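See structure below.
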Amino acid sequence: MSKKQFSEKDLQRLLREMPLIEDQRSKDEVFHMVKKRLQEEMESPRQRRRPILWPVIASIAAMFLIFVLSTSLLFRNDDLAGSNQAELDREQFTMEDELPEIVLEENQSTTQDQLFTNEIKIADAALRTAIYEEDLAGNEFTLTLNVPDEMFQNAIPVSVIVQDIEGRTWLDQYIDVMNGINEEELGLAEYYPLNGTFTLTDAGSVSLNLNSNHTYTMGTAGETMFFKSLDALKYQGIAEVHLFENFEPGIQLHHEDEKLTVYSIRPTQNTGYLLYETDRQVFLTPSPNSYETIGESFQEMKTGIEKNELAPSIPDFVDFKIIHENPDTLSLSFSPTTEFPDDRSFVYMIEAILLTAKEFGFQYVHFNNIGMDHFQDFDFTKPVHVPVAPNRIQLTLQ
Amino acid sequence: MDSVFEEIYEKYHQDIFQFLFYLVRDRHKAEDLTQEVYIRVMKSIDRFENRSSLKTWILSIARNVAIDQFRKEKNKRNIPFSQFDWKNIDFADHQKLPEEIAVQNERIRLLFRCLKMCTVDQQTVLIARFIQDLSIAETAEILGWTESKVKTTQHRALKRLKKFMEAASEKEGGHHE
C-alpha cells in the first residue's frame with residue numbers, strides 16, 4: 001500500500017464499514033451467567049460503603065508508615081545508592097525538553113479547531129509551574145479545576161489567572177473556564193463542563209443541579225472523579241456543595257441507600273504532591289492518599305505511586321528533615337552533603353513540598369541549608385510563601 | 001427469566017456487546033463486561049426514571065463498566081502522543097487481532113489498529129457515532145457531555161485517526177517498495 005491521504009469523510013465511511021460484531025452466546029447462556037454472578041454477589045458480603053473501607057486502609061497504611069518512620073528510613077544520613085539514583089532520576093525528569101515535530105504540527109490549529117477550541121499554552125518561560133501571590137495583579141485571581149487523567153485515576157488540579165470583571169461573579173468565570181478548557185490539549189480526559197448548573201447560594205457554598213441525564217453516579221470511577229472535581233472548589237473558598245438532581249434535592253449514589261444532599265469539601269486534604277506526566281507536560285498531582293503527618297506524605301513523595309502512574313517528586317537521594325512545625329511555618333533542614341537534581345526537577349521538588357505544606361495547612365516553608373540563597377523566583381533566605389494554586393495553564397477564553 | 005433482563009436482551013444486547021467489543025477489543029472481555037452491564041442495569045433500573053433513552057442510559061453504563069475495566073488493567077494507558085515512535089510504528093500483521101477483524105480487508109484491519117491510538121474518549125465517540133450509528137445527541141447522553149463537546153471530540157478524533165492512518169500507510173508502503 002502506498003502512502004494514502006484520508007479525508008474525514010473517507011474515515012467516517014471506513015468506520016461505518018467496520019464489521020458487525022455479535023455475541024454468539026444464546027440468551028439462556030447469558031442469563032445463566034448473569035444470574036450466577038448476581039447470586040455470588042448476594043452470597044458474599046460486599047463492601048458496600050467505601051467511606052468505611054477507606055479509613056481502614058488509611059489507618060493500616062498510616063501505621064505502616066509510622067513504623068517505617070520510626071526506623072528512621074525517611075531522614076537517613078547515609079546515602080549509599082545516591083549517585084546512581086541521581087542518574088536515573090535525571091533521565092526520568094528531563095524528558096520534556098523537546099517535543100517531536102508531530103506535536104508542533106498538532107498545535108497548528110485548523111480553522112475548524114479555532115471554532116471549537118481555546119488556545120492553551122503551557123506557561124513555560126519560567127520553571128515554576130504553580131501560581132504565587134506575586135504573579136497576581138491587584139484585580140486578578142485564580143480559578144482551579146480538577147481534571148481527570150485519561151484512566152480516571154488521578155484528579156489533576158489546573159489553574160488559570162483571570163481578572164475581576166464588573167458584573168460577573170467568580171462562579172460566572174468558573175463556568176467560562178469549564179466551558180473553555182480543552183482537556184485533550186493537556187493530555188487529560190474530556191470532562192468539563194459538568195452536566196448541570198451551578199448557582200451561588202451564600203458565601204462558602206454553591207449549589208449544583210445535575211441534569212437528569214448525568215452519568216456521574218453510574219460507576220465507582222465516575223463517582224469518585226465527580227467528587228474530586230467538586231473538591232477543586234476549595235481553592236475558591238467553597239466548603240459545601242448543595243446537590244440536586246433534576247431540581248430535586250440530593251443525588252443517588254452508586255452504592256448508597258440514602259441520597260446525598262450536601263457534599264462537604266475539606267479545605268486541606270493532607271495529601272502529598274507527586275508528578276504525573278502526560279504527553280505534553282508534567283503536572284504536580286495530589287496523591288490519592290491522605291496522611292496524619294506531612295512526614296508520611298514526604299515519604300510517599302520519594303517513592304511514588306506506581307499504581308496511579310505518579311512518579312516521585314522528591315528524588316530519593318535528597319536528604320532533609322523536618323526541624324520545626326508551627327501552625328504557620330514548616331521548617332526543613334537539608335543535609336550539607338545532599339545532592340540536588342537538575343534545575344527542572346529541583347523546581348518540581350520545591351513546588352511539590354510547598355503544595356504539600358499547603359495541603360497540611362501551612363502558610364510558609366523555610367528551606368534551611370539548601371545551599372543557595374535564590375533560585376528562579378524563590379528566595380530561600382526567608383520562609384517561602386506556599387503557592388496560591390497549582391499547575392498554571394493559560395486559557396484564552398473566546 | 002427476569003423480565004428486565006429479557007427486555008434489555010431483546011432490544012439492546014447486540015448493541016451493548018458490539019459497543020464493548022470495539023472499546024475493549026476482545027470478544028471474551030466483551031462477554032464478561034456485557035454481563036456486568038446487565039448486573040448494574042438490573043440493580044439500578046428503578047432509578048432510570050426515563051432519563052434520556054433507555055438505550056443511551058444502558059450504553060453509558062457500558063462505558064462506565066469499560067472504564068472500570070481499563071483502570072484494573074494497569075498498562076492500558078494510551079501511548080503518549082509526543083513519545084510515539086513514528087519511524088518505527090509497528091502496524092505489521094503479527095499483532096494479535098480479534099478473529100473477526102483479522103479476516104477483514106487491509107484497510108479495516110489498519111483502521112482497527114489506528115483506533116487504538118486515539119484516547120479512550122475519542123474512541124468512544126467514534127464507536128458511538130460511526131460504528132453504532134448513534135446521533136450527536138445520543139452520544140452526548142452516553143458520555144454525559146454537551147453536544148458541542150461531542151462534535152469537538154469527534155473532530156479531534158478523526159484528525160488523530162487520519163494522522164495515524166497516513167503514517168501507517170506510508171510505513172507499509174515503505175516496506176513494499
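The values are calculated or read from the model by the stated rules, or taken from the named source; none is laboratory data. Computed from a predicted structure; not experimentally measured. All Cβ positions, even for glycine, are placed from backbone atoms using ideal geometry, and neighbour counts span all protein chains on display.
Count of segment A:129-145 residues, restricted to those that are crowded, with 20+ Cβ neighbours inside 10 Å and either among the β-branched types (Val, Ile, Thr) or modelled with pLDDT under 90 (or both), is 4.
For the criterion of being of a type outside the set (Asp, Glu), in contact with a Phe, Trp or Tyr (Cβ under 6 Å, 6 or more places away or on another chain) and surrounded by 20 or more Cβ atoms within 10 Å (Cβ to Cβ), A:THR217 fails. Evaluate the following for B:LEU59: is it more than 9 Å from every other protein chain (Cβ to nearest Cβ), in contact (Cβ under 8 Å) with a residue 60 or more places away in the chain, in a helix (DSSP H, G or I) and among the aliphatic types (A, V, I, L, M)? The answer is yes for B:LEU59. Among the residues of segment B:134-147, the ones that are polar (S, T, N, Q) and facing chain A (nearest Cβ under 7 Å) come to 1 in all. Scanning segment B:152-162 for residues that are free of Cβ contacts under 8 Å to residues at least 24 places away in the same chain and within 7 Å of chain A (Cβ to nearest Cβ) gives B:THR152, B:HIS155, B:LYS162. Return the residue satisfying two criteria in turn: it lies in segment B:140-150 and is without any contact (Cβ under 8 Å) to a residue 24 or more places away in the chain and surrounded by 19 or more Cβ atoms within 10 Å (Cβ to Cβ), and of such residues it is farthest from A:VAL177 (Cα to Cα). Of everything passing the filter in segment B:140-150, B:ALA140 is farthest from A:VAL177 (Cα to Cα). Scanning segment B:37-56 for residues that are in a helix (DSSP H, G or I) and at the interface with chain A (Cβ under 8 Å from one of its Cβ atoms) yields B:TYR38, B:ILE39, B:ARG40, B:MET42, B:SER44, B:ARG47, B:THR56.
Within segment A:152-170, the set of residues being free of Cβ contacts under 8 Å to residues at least 60 places away in the same chain, of a type outside the set (Asp, Glu) and farther than 14 Å from A:LEU395 by Cα comprises A:ILE165, A:GLY167, A:ARG168, A:THR169.
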